[in-house]
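A quick write-up on the structure given underneath.
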């Protein structure tokens with residue numbers, strides 16, 4: 001199970017795109033991969049079709065392994081590991097909240 005979610009701001013920590021930052025657009029939980037905005041851009045040669053009558057070369061993001069990205073702590077502004085805290089609510093309702101290990105602050109998403 002991954003602690004990262006869609007729309008989280010992450011930084012790539014290893015691979016060809018090391019150091020780049022972006023927002024998670026989609027997560028594939030079965031393959032443990034995610035599409036990060038502006039990272040791992042590939043070129044795709046497309047034939048002319050109804051949607052794109054001209055055809056040509058299009059660019060899009062390809063999935064990247066989740067082990068290569070780290071969440072950026074909103075408070076500290078640098079990459080951090082994530083932990084889970086259980087917060088007691090009213091009527092015995094417990095909530096699982098993510099927190100950044102670097103700053104200790106709860107991350108709301």
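The values are calculated or read from the model by the stated rules, or taken from the named source; none is laboratory data. Keep in mind that what you see is a predicted model, and the values were worked out from it rather than measured. Reconstructed Cβ throughout: ideal geometry from the backbone, glycine too, with neighbour counts over all protein chains shown.
Of the residues in region 66-77, at least one is surrounded by fewer than 12 Cβ atoms within 10 Å (Cβ to Cβ) and within 24 Å of residue 107 (Cα to Cα).
In region 79-103, of all residues being in a loop (DSSP other than H, G, I, E, B) and surrounded by 13 or more Cβ atoms within 10 Å (Cβ to Cβ), the one that is modelled with the highest pLDDT corresponds to 102. The set of residues from region 55-67 being part of a helix (DSSP H, G or I) and either without any contact (Cβ under 8 Å) to a residue 12 or more places away in the chain or over 10 Å from the mean Cα position of the chain (by Cα) (or both) comprises just one member, 67. Scanning region 2-12 for residues that are in contact (Cβ under 8 Å) with a residue 24 or more places away in the chain and either more than 15 Å from residue 39 (Cβ to Cβ) or exposed (fewer than 14 other Cβ atoms within 10 Å of the Cβ) (or both) gives 2, 3, 5, 7. The set of residues in region 14-36 being surrounded by 14 or more Cβ atoms within 10 Å (Cβ to Cβ) and not in a strand (DSSP E or B) consists of 15, 17, 20.
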